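A.B. asks: Quick one: the structure is below, and I'll ask about it shortly.
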Amino acid sequence: MIVKYTVENREHVSAKSYEEVVAVFEAAVGDAEHGEVTEALRTVDNAGDWEQAMVALFGPAGFVRVFSLDHGRWQGLYGTKAKAKKYVYGNPIVAETMLRHDLRAGLQVPLSIMIREDDDGHARVSYDLPSSAMGFIDNPDLAEAAMALDARLTAFVRELTGAAA
């Protein structure tokens, strides 16, 4: 089966520097890039213990980072000067509110976000709106849960960047 759908990508421009936005993001999102989520999954036996283990990993924004890739660093190996990082992060407790309706939503969670510096020195933060990324799934309950994540994600990025839109 092949399904074509449209995904809404949003980009916020910040007056803050690239380094400032990266620092604010990393301070707001817990760091579990060394397998802490996978390790917790191995050791828990019930949803309550799982949630307790996850909450302990969350940063102040209520998210945890599970992977990052410094695109600017590896592009530099090829002689391209760039500042850009991709992060994979999320909140498994929020993800469950979507996956309970359709496991295919797991293709889109955890979330991805890109922080980069443009040619004019502005920090830009871009992401795909979760409800649109899950648009290939026709499920009103899932759509409602994903739209709640849309609002949370958009508010987080606006706060992160200081951008109104």
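A.B. asks: Being out of contact with any helix residue (DSSP H, G or I) (no Cβ under 9 Å at 6 or more places or on another chain) and among the aromatic types (F, W, Y) is the filter here; which residues of region 137-165 pass it?
C.D. replies: Selection gives nothing.
A.B. asks: If you don't mind, another one. Are any of the residues in region 28-36 in contact (Cβ under 8 Å) with a residue 40 or more places away in the chain and in contact with a Ser or Thr (Cβ under 8 Å, 6 or more places away or on another chain)? Outline the logic, then answer.
C.D. replies: Filtering region 28-36 down to residues in contact (Cβ under 8 Å) with a residue 40 or more places away in the chain leaves 28-29.
Narrowing further to those that are in contact with a Ser or Thr (Cβ under 8 Å, 6 or more places away or on another chain): none.
No: region 28-36 contains no residue that is in contact (Cβ under 8 Å) with a residue 40 or more places away in the chain and in contact with a Ser or Thr (Cβ under 8 Å, 6 or more places away or on another chain).
A.B. asks: While we're looking at this one, here's another question. With respect to the numbered conditions (1) within 15 Å of A61 (Cα to Cα); (2) touching a strand residue (DSSP E or B) at 6+ places or on another chain (Cβ under 9 Å); (3) surrounded by fewer than 15 Cβ atoms within 10 Å (Cβ to Cβ), which one is the sole condition not fulfilled by A155?
C.D. replies: Here A155 clears every test but (2).
A.B. asks: Sort out which residues of region 59-109 are open to solvent by 40 Å² or more (accessible area, probe 1.4 Å), under 24 Å from R158 (Cβ atoms) and among the aromatic types (F, W, Y), and write them in order of number.
C.D. replies: Correct list: F67 only.
A.B. asks: Identify all residues within region 59-100 that are among the hydroxyl-bearing types (S, T, Y) and more than 27 Å from E117 (Cβ to Cβ); write none if there are none.
C.D. replies: Going residue by residue through region 59-100, those that are among the hydroxyl-bearing types (S, T, Y) are 68, 78, 80, 87, 89, 97.
T97 - this is the single residue of region 59-100 that is among the hydroxyl-bearing types (S, T, Y) and more than 27 Å from E117 (Cβ to Cβ).
A.B. asks: Which of the residues spanning region 110-132 are within 16 Å of Y87 (Cβ to Cβ) and either in a helix (DSSP H, G or I) or modelled with pLDDT under 95 (or both)?
C.D. replies: Here is the first cut: in region 110-132, the residues within 16 Å of Y87 (Cβ to Cβ) are 110-117, 123-128, 130.
Correct list: P130 only.
A.B. asks: Residue check: is Y18 at pLDDT below 95 and either touching a Gly at 6+ places or on another chain (Cβ under 7 Å) or crowded, with 16+ Cβ neighbours inside 10 Å (or both)? Write out each step before concluding.
C.D. replies: Values: at pLDDT below 95: no; either touching a Gly at 6+ places or on another chain (Cβ under 7 Å) or crowded, with 16+ Cβ neighbours inside 10 Å (or both): yes.
When the stated conditions are applied, Y18 does not pass them.
A.B. asks: I'd like the full set of residues that are in contact (Cβ under 8 Å) with a residue 60 or more places away in the chain and either closer than 11 Å to D102 by Cβ or assigned to a helix (DSSP H, G or I) (or both), limited to region 133-144. Outline the logic, then answer.
C.D. replies: Within region 133-144, the subset in contact (Cβ under 8 Å) with a residue 60 or more places away in the chain is 133, 135-136.
Listed by number, the residues that qualify are A133, F136.
A.B. asks: Out of region 21-46, which residues are open to solvent by 70 Å² or more (accessible area, probe 1.4 Å) and over 16 Å from the mean Cα position of the chain (by Cα)?
C.D. replies: If the condition is that a residue be open to solvent by 70 Å² or more (accessible area, probe 1.4 Å) and over 16 Å from the mean Cα position of the chain (by Cα), then H34, T38, E39, L41, R42, T43, D45, N46 are the ones that fit.
The values are calculated or read from the model by the stated rules, or taken from the named source; none is laboratory data. No experiment lies behind these values; they were computed from the predicted model shown. Heads up, the Cβs are rebuilt from the backbone with ideal geometry, glycines too, and the neighbour counts pull from every protein chain shown. The protein model used for the area step is the full one, side chains on, heavy atoms only, and it has no ligands, DNA or RNA in it. Shrake-Rupley method; radii C 1.70, N 1.55, O 1.52, S 1.80 Å.
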